[in-house]
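The values are calculated or read from the model by the stated rules, or taken from the named source; none is laboratory data. Everything numeric here is computed off the predicted structure, so don't read it as measured data. Cβ placement follows ideal geometry from the backbone for every residue including glycine, while neighbour counts extend to all protein chains displayed. Heavy atoms of the whole protein, side chains included, go into the accessibility calculation; ligands, DNA and RNA do not. Shrake-Rupley method; radii C 1.70, N 1.55, O 1.52, S 1.80 Å.
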Amino acid sequence: MKTLVMMPTYNEIETLERSVAELFKYNPDVQLLIIDDNSPDGTGELANKLSQNSQNTQVLHRAGKQGLGKAYLAGISWGLERGFELLVQMDADGSHRAQDLPKLLAKADLDGLVIGSRWMPGGAVHNWPWFRKAISRFGNFYAAKMLGSTIGDLTAGFRVYGRNLLQRLPLDDVAAQGYGFQVEMTKNVLAVDSRVIEVPIEFVERENGSSKMTLAIVLEAFILATKWGIERLFRR
């Protein structure tokens, strides 16, 4: 199926070129959309050069840093307008291994969501300290309890959405960023009774550049998950 990989960037000049090369090495038939939020380090200019050298690469420039969620929503809108059937979320820092993407695509269809899961048998996280793993595991456990879900990696950012599913979701109402964005999108998928499949992946912490994870992002996810859990209780 016609597949678009969406790769948001902000100050990823040290990682982008390698991530793009790896993507096409293992997935030569996909199309790539780099979504750059006016990176001050020149990532946008590098993205332009990469697109000039590849007919499978496009660049969407945005005015400034507006958050991961808004970047993906812009990419989804771009992809749906151009008739893509599968839309992939993928980090530009190399943490999402390109060789894992075929496994996700093999399970994908127009109506469902496939999640690349770190926290299931066969999945793994490399180069994270114990406390980072503990935060992620607790965050996923808590979010699952709040949503009444059995999904093991609700905060995962390596995903494949089907076109038909995305067209059923209230994308204009999605407001969360970071972990919260992933959880909110999954909540909306569950609300329309769509199929969600988890596929084990190996997550590799970036070797270059700096992580975009902040305390504010973690708190946003915790607060929103609590809010959604309370709303779920009152709907019973």
Out of the residues in the range 120-148 that are free of Cβ contacts under 8 Å to residues at least 24 places away in the same chain and open to solvent by less than 30 Å² (accessible area, probe 1.4 Å), state the one that is farthest from Thr226 (Cα to Cα).
Ser136
Filtering the range 189-206 down to residues that are assigned to a strand (DSSP E or B) and over 11 Å from Val125 (Cβ atoms) yields Val196, Ile197, Glu198, Val199, Pro200
Please indicate, with yes or no, whether at least one residue in the range 16-23 is touching an Asp or Glu at 6+ places or on another chain (Cβ under 7 Å) and within 23 Å of Leu80 (Cα to Cα).
no
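Results for (1) at pLDDT 85 or above; (2) in contact with a His (Cβ under 9 Å, 6 or more places away or on another chain); (3) open to solvent by 40 Å² or more (accessible area, probe 1.4 Å); (4) closer than 15 Å to Thr155 by Cα, shown as yes or no for each residue.
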| site | (1), (2), (3), (4) |
| --- | --- |
| Ser194 | yes, no, no, no |
| Ile201 | yes, yes, no, yes |
| Lys212 | no, no, yes, yes |
| Ala221 | no, no, no, yes |
| Arg232 | no, no, yes, no |
Is it the case that the range 28-35 has a residue that's closer than 15 Å to Met7 by Cα, part of a helix (DSSP H, G or I) and open to solvent by less than 50 Å² (accessible area, probe 1.4 Å)?
no
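Residues are listed down the side, and each one gets a yes or a no for (1) among the acidic types (Asp, Glu); (2) open to solvent by 20 Å² or more (accessible area, probe 1.4 Å); (3) in contact with a Pro (Cβ under 9 Å, 6 or more places away or on another chain); (4) on the phi < 0 side of the Ramachandran plot:
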{"residue": "Thr150", "(1), (2), (3), (4)": "no, yes, no, yes"}
{"residue": "Asp173", "(1), (2), (3), (4)": "yes, yes, no, yes"}
{"residue": "Gly180", "(1), (2), (3), (4)": "no, no, no, yes"}
{"residue": "Asn188", "(1), (2), (3), (4)": "no, no, yes, yes"}
{"residue": "Ile217", "(1), (2), (3), (4)": "no, yes, no, yes"}
